[in-house]
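The values are calculated or read from the model by the stated rules, or taken from the named source; none is laboratory data. Keep in mind that what you see is a predicted model, and the values were worked out from it rather than measured. With ideal geometry, Cβ positions are generated from the backbone for all residues, glycine too; neighbour counts draw on all protein chains shown. Side chains are part of the model used for accessible areas, which takes the heavy atoms of the whole protein and leaves out ligands, DNA and RNA. Shrake-Rupley method; radii C 1.70, N 1.55, O 1.52, S 1.80 Å.
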Amino acid sequence: MTSRGQAAAIAASALALAALAVGSLPRDHRVAAYATSLEGRARSQRHNAVLALRRLEGVTIGPGETFSFNGTVGTYSRDQGYRKAPVSFNGQLIDDWGGGVCQTSTTLYNAALLAGMTIIERHRHQFAPNYVPPGRDAAVAYSNIDLRFSNPHPFPLRIATRQTPGELRVEFVAPRRLSERPTVVERVERTRDPAEIRFGQGAHTRLRASGKPGYEVTVYRITGDRREHVSSDSYPAMSRVFESR
């Protein structure tokens with residue numbers, strides 16, 4: 001064999017070995033994904049939600065391990081880059097540090113449900129938010145209101161995130177596919193219409209609070225033939241308020 005032929009044979013052998021090595025590497029599979037819309041959110045809320053989202057990127061939860069949102073994301077303070085943004089407090093919108101972070105925890109919560117994670121701690125908002133169906137939200141507040149879940153699978157799951165101008169997206173990826181992919185459904189048992197409150201006197205009337213419906217809702221996770229009760233929540237209606245001057 002000529003030297004040129006030997007070189008070609010060595011190169012072909014090297015390529016074959018490289019292909020074999022790549023084929024033997026574990027392959028990541030997307031086992032769950034969930035997205036929420038950023039439409040109508042204030043610029044400061046978007047900033048905070050995206051900042052918290054970036055803290056989740058690449059976090060891996062091993063078999064049997066417990067994930068804590070607050071433990072991973074940390075404080076929602078100015079020194080961590082967060083801004084004051086609108087948050088709901090007793091039915092009124094006020095500016096507070098980290099407003100908007102709850103949309104990130106909510107997006108993660110729904111992806112975790114679809115990934116088959118075992119939910120350990122989850123809290124609803126006082127009033128149902130607009131970016132997710134009622135019963136599917138997960139409120140957080142550092143440090144006492146957390147979102148926590150554990151990995152029941154015999155393999156690790158890694159969090160992957162993505163943000164576009166219109167949505168937040170959280171995915172779970174793993175070296176193996178789930179044997180059965182869960183679905184999550186919410187059943188609204190009752191809806192309450194918001195009351196209307198008017199105060200003041202004058203010819204000019206303005207809307208001070210647009211109000212929100214209230215809900216009684218039950219959420220289930222269905223995996224194969226198994227139906228699991230996830231949560232039962234009761235959200236009060238937020239009154240619609242008019243002021244006349």
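Observations on the structure shown:
- Residue in the stretch 115-125 that is of a type in the set (Ser, Thr, Tyr), within 13 Å of the chain's Cα centre (by Cα), open to solvent by 10 Å² or more (accessible area, probe 1.4 Å) and more than 19 Å from Tyr235 (Cα to Cα) present: no
- Sole exception among (1) surrounded by 16 or more Cβ atoms within 10 Å (Cβ to Cβ); (2) touching a Pro at 6+ places or on another chain (Cβ under 8 Å); (3) farther than 18 Å from Tyr34 by Cα for Arg192, by number: (1)
- Residues of the stretch 145-156 classified as surrounded by fewer than 23 Cβ atoms within 10 Å (Cβ to Cβ) and under 25 Å from Ala42 (Cβ atoms), total: 2
- Long-range neighbours under 8 Å by Cβ, at least six apart or interchain, first residue within 19 Å of Thr223 (Cα to Cα) and touching a residue at least 24 places away in the same chain (Cβ under 8 Å) within the stretch 26-43, second charged (D, E, K, R) and assigned to a loop (DSSP other than H, G, I, E, B): His29/Arg176; His29/Arg177; Val31/Arg177; Val31/Arg181; Ala32/Arg181
- Taking the conditions (1) buried (at least 21 other Cβ atoms within 10 Å of the Cβ); (2) of a type in the set (A, V, I, L, M, F, W, C); (3) farther than 30 Å from Ser239 by Cβ in turn, Cys102 satisfies each one other than (3).
- Pairs are defined by a Cβ separation below 6 Å, a sequence spacing of at least 6 or placement on different chains, a first member in the stretch 207-229 that is farther than 30 Å from Arg240 by Cα, and a second member that is part of a strand (DSSP E or B) and of a type in the set (Lys, Arg); the pairs so defined are Tyr220/Arg227; Glu228/Arg221.
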